[in-house]
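Here's the structure, in structure tokens; my notes come after.
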Amino acid sequence: MPGLRLSQSTDMALHGLWALAHAEGRRFLLLNEIARAQNVSESYLSKVFQKLTRAGLVHAVRGKRGGYTLGRSPAAITVGDVVRAMEADQPMYQCLAQTRCCEAMKNCSLLRVFAEAQQQMYAVLDGVSLADLIADFLRGVERMTWLQLHSPQPSLPQAPAES
């Protein structure tokens, strides 16, 4: 189905935060662990994590026992926060009015429509936190096997069986 397409960086960011939330309280994760588990380039993921660090969503700790951890609790990180951090330089709609000598820029209904759509999109994305996603995941039966690749980590608790 056609629709809004976010960058691969946003997908990597969401999954990277997911991995950090999964490891939260147990240890820091190294970037190469996250990259290997996601089967992505470590150098590309490094650029993603730089943006996440600047946005305060992750915290980097240098040194032998260092790595990455969440910058806030999973409940305080929304999907909207992640999208803003990763897509801030890419507006939903970019008008070419200036190159077309369009005089409707200040009162353009098309620009208003996309501005409203973007506001509504962020309202939805801001209503879902990383903690919400994890809770939904734990209630489900599907498992993200790549999360199990980080050792040493205990396996996720099984969702209770429905009666």
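Here, each number is a calculation from the coordinates, and none is a lab measurement. Worth saying up front: this structure is predicted, and the values here are computed from it rather than measured. Here the Cβ is made from the backbone with ideal geometry for all residues, glycine too, and neighbour counts use every protein chain on show.
Taking 7 Å along the Cα-to-C-beta vector as the label spot, tell me the residue 136-residue 115 distance in nanometres, rounded to one decimal.
The modelled label-to-label distance comes out at 3.0 nm.
Express in nm, to one decimal, how much length is gained between residue 65 and residue 93 on full extension, taking 0.36 nm for each residue of separation and deducting their alpha carbon distance. Intermediate values should be presented prior to the final figure.
Details: separation 28, 0.36 × 28 = 10.08 nm, distance 4.33 nm.
Going from the current span to full extension adds 5.8 nm.
Please give, to one decimal in nm, the separation of the simple spin-label points placed at residue 108 and residue 5, each 7 Å out from Cα toward the Cβ.
Using points 7 Å along Cα→Cβ, the separation is 2.1 nm.
Given a Förster distance of 41 angstrom, what is the FRET efficiency for residue 26 paired with residue 123, based on the Cβ-Cβ distance and rounded to 0.05? Spell out each step's value before the answer.
Numbers: r = 34 Å, r/R0 = 0.82.
E(calc), rounded to 0.05, equals 0.75.
At most 15 other Cβ atoms within 10 Å and a DSSP loop assignment: could you name the trypsin sites (Lys or Arg not before Pro) in the stretch 18-60 that fit? Mind showing how you got there, number by number?
Working: sites: 26, 27, 36, 47, 51, 54; in loops: 26, 27.
Within the stretch 18-60, the qualifying trypsin sites (Lys or Arg not before Pro) (loop, at most 15 other Cβ atoms within 10 Å) are 26, 27.
At what distance in nm do the modelled label points of residue 54 and residue 76 sit from each other, each positioned 7 Å from its Cα along Cα→Cβ?
Placing both labels 7 Å beyond Cα along the Cβ direction yields 2.2 nm.
Which lysines, on any chain, are close to residue 64 with Cα under 22 Å apart, when same-chain ones fewer than 8 places away are left out?
Partners found: 47.
Cα gyration tensor of the stretch 8-149, axes a ≥ b ≥ c as square roots of the eigenvalues: rounded (a/c below 1.5), prolate (a/b > b/c) or oblate?
Working: a/c = 2.64, a/b = 1.92, b/c = 1.38.
Judged from the Cα gyration tensor, the stretch 8-149 comes out prolate (a/c at least 1.5, a/b above b/c).
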